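Peer 1: Structure below; questions to follow.
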Amino acid sequence: MHVLILGAGQLARMMSLAGAPLNIQVSAYDVGSKTVVHPLTQAVVNDSLEAGIAAADVVTAEFEHIPHDVLDICEQSGKFLPTPEAIKAGGDRRLEKALLDNAGVRNAKYHVINNRTDFEQAIEKVGLPMVLKSALGGYDGKGQWRLKELSQVDGIWQEMEACIAATPTQAIVAEEFVPFQREVSLVGARAKDGSVEVYPLAENVHTNGVLSLSTAIDAVDLQQQAKAMFTAVANSLDYVGVLALEFFDVNGELLVNEIAPRVHNSGHWTQQGAETCQFENHLRAVCGLPLGSTKLIRETSMINILGEDTLPEEVIAMAGCYIHWYGKEKRAGRKMGHINVCGDYTGELQRKLCTLADVLDESAYPAVHEFAKSFNQ
Ligand code: AMP
C-alpha cells in the first residue's frame with residue numbers, strides 16, 4: 001500500500017516509520033512548496049499534488065489547516081480519508097462547535113462574533129471571564145484573548161477587529177472561561193467497518209499554550225465518559241483514522257475543548273507505551289486493515305523537546321527513555337522532538353521523571369521540574 005499524507009512534518013515522518021514494518025509506503029505533500037516529498041529525507045518524489053495522488057492508494061492528512069482547493073482535489077480522487085468535513089471542522093472553531101453540538105457532546109458555552117454587536121451579545125450570553133479565540137488559524141493558544149473585566153472590552157475589540165479584517169471569512173469564537181482542574185485528551189481510531197479502539201486518556205500539561213508533558217493515566221470513570229464522546233463525534237463524521245479529543249476535567253466531568261482530526265502530540269506516548277502506536281493505527285484504519293490493540297503495556301510519559309537540539313548524555317543513557325528527533329532546524333520554541341519515558345513497576349515512571357528533572361534545564365522543561373517539585377513535596 002502507498003499512502004500520501006497532506007503535510008510533511010513530524011507526524012508524517014512518524015507515520016512513515018510506523019508504516020514500514022507493514023510494507024506501507026508513505027509520501028508527504030508539502031503545502032508550502034506544493035511538492036510531494038519523502039517524509040524522512042524531504043527529497044522531492046513528485047512535483048505535483050496530482051502526480052502524488054495518482055501514485056497513492058490512499059490520501060490522508062497530518063494537519064487541519066489545509067487549503068480547501070487542495071482538499072477538493074483530494075476528495076475528487078475518491079482516495080481521501082477521513083472526510084474533508086472532519087478536516088475542515090478541525091481547522092475552524094465555528095464548524096468544530098457546531099459539530100460537537102450536533103453530536104450531543106458537552107462543550108463550553110459560546111457565541112460567534114463577526115462584529116461589535118455580536119461581541120456585546122457574547123458578553124451577555126457567555127458572561128465574564130471569557131476566552132476569545134480566532135475561528136481560523138489558531139493553534140497552541142495563538143490568536144486568543146482573555147476578557148476578565150468590562151474595562152478591557154474596547155482594547156480587545158480593536159485587536160479582534162484587526163484579526164477579523166486580516167483574513168477573509170475570519171471570525172472570533174467567544175467561550176465561557178472553564179475553571180478546570182486539569183486537561184486530558186483521548187486519542188483513538190475508527191476503522192472502515194465502524195469499529196472503535198481508544199487509548200487510555202492522557203493528562204496534559206501546557207506551557208505558554210504548548211503541550212509540554214503528557215502522561216497516560218488510569219481513570220475508569222473519565223475514560224468511559226471520554227470514550228462515549230469520542231464515539232459520538234467519530235460516528236457523526238463516519239470518521240476513518242485516528243482522531244483526538246482534548247477535554248477539560250471539571251470536578252470529574254469532561255467538557256470537550258478541541259478536536260484534532262489526525263494523530264496528535266498527546267498520543268506520542270503510544271510509541272512505547274501501547275501495543276500499537278497511534279501512527280500505525282492511523283495507517284491501518286485508512287488502509288482498511290484491522291485496528292491494532294490500543295492496550296497500555298507500561299506506564300509512559302511524553303516530554304516535548306521545544307527549541308532545543310541536544311540532550312544531556314544522562315538522558316540518552318537512561319534505561320526506559322526513548323528519544324525521537326524530528327530532523328528540524330533549531331528555532332526558539334519549535335517542536336524539535338520528544339522523549340518517551342517508561343516505568344515497569346509502581347513508582348518507577350515518577351522516579352525517572354524526577355531524575356530527568358535533575359539533568360534537564362528548568363527553563364526548557366518547566367513541566368518536568370514542576371512535576372518533580374510536587375512529587376518530592
Ligand atoms: P486551545 O487553543 O483552545 O487549546 O487553548 C489553549 C489553552 O488555553 C488550553 O489548553 C487551555 O489551557 C486554555 N483554554 C482554552 N479555552 C479555555 C476556556 N474556555 N477556559 C479556560 N481555559 C481555556
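Peer 1: Order of CYS342, CYS354, CYS277 from fewest to most other C-beta atoms within 10 Å?
Peer 2: Neighbour counts put them in this order, fewest first: CYS354, CYS342, CYS277.
Peer 1: Restricting things to alpha carbons, find the Rg to Rh ratio for the range 182-375 using the Kirkwood radius for Rh.
Peer 2: The Rg/Rh ratio comes out at 0.97.
Peer 1: Any idea how many Lys pairs in the range 109-176 come in under 15 angstrom at the alpha carbon, given 8 or more places apart or on separate chains?
Peer 2: Total qualifying Lys-Lys pairs in the range 109-176 comes to 5.
Peer 1: Now for a separate question. Within a 10 angstrom radius of the beta carbon, how do THR169, THR83 rank from fewest other beta carbons to most?
Peer 2: Sorted ascending by nearby Cβ count, the order is THR169, THR83.
Peer 1: OK, next. Quick one: order TYR239, TYR322, TYR345, TYR110 by neighbouring beta-carbon count within 10 Å, fewest to most.
Peer 2: Final ranking by Cβ density, sparse to dense: TYR345, TYR322, TYR110, TYR239.
Peer 1: Okay, next question. Have a look at the range 1-87 and give its Rg and Dmax from the Cα atoms, expressed in angstrom.
Peer 2: 11.5, 33
Peer 1: Relative to the compact globular guide of 2.2 N^0.38 Å, what is the alpha carbon radius of gyration of the range 141-216, as a ratio?
Peer 2: Output field value: 1.57.
Peer 1: Stick to Cα atoms and the Kirkwood definition of Rh, then tell me Rg/Rh for the range 109-176.
Peer 2: The Rg/Rh ratio comes out at 0.92.
Peer 1: Where is the GNM fluctuation largest for the chain (alpha-carbon springs, 10 angstrom cutoff): LEU150, LEU22, LEU306?
Peer 2: Per the Cα network of the chain with a 10 Å cutoff, LEU150 tops the list.
Peer 1: Between GLU275, GLU313, GLU159, where does the largest GNM mean-square fluctuation fall for the chain, given springs only between Cα atoms within less than 10 Å?
Peer 2: Evaluated over the chain, the most mobile residue of the options is GLU313.
Peer 1: Quick one: if you take sqrt(5λ) for each eigenvalue of the C-alpha gyration tensor of the chain, what semi-axes come out, biggest first, whole angstrom?
Peer 2: Over the Cα atoms of the chain, the semi-axes work out to 30, 28, 21 Å.
Peer 1: Can you compute the helix-only [θ] at 222 nm over the chain? Use -39500 (n - 2.57) per DSSP H run of at least 4 residues, normalise by all residues, nearest 500 deg cm²/dmol.
Peer 2: Rounded to the nearest 500, it is -10000 deg cm²/dmol.
Read the figures in this text as sums done on the coordinates, not as results from a lab. Just so we're clear, the structure is a prediction, and the values are computed from it rather than from any experiment. Because the Cβ atoms are built from the backbone with ideal geometry, glycine has one as well, and the counts that use them run over all protein chains shown.
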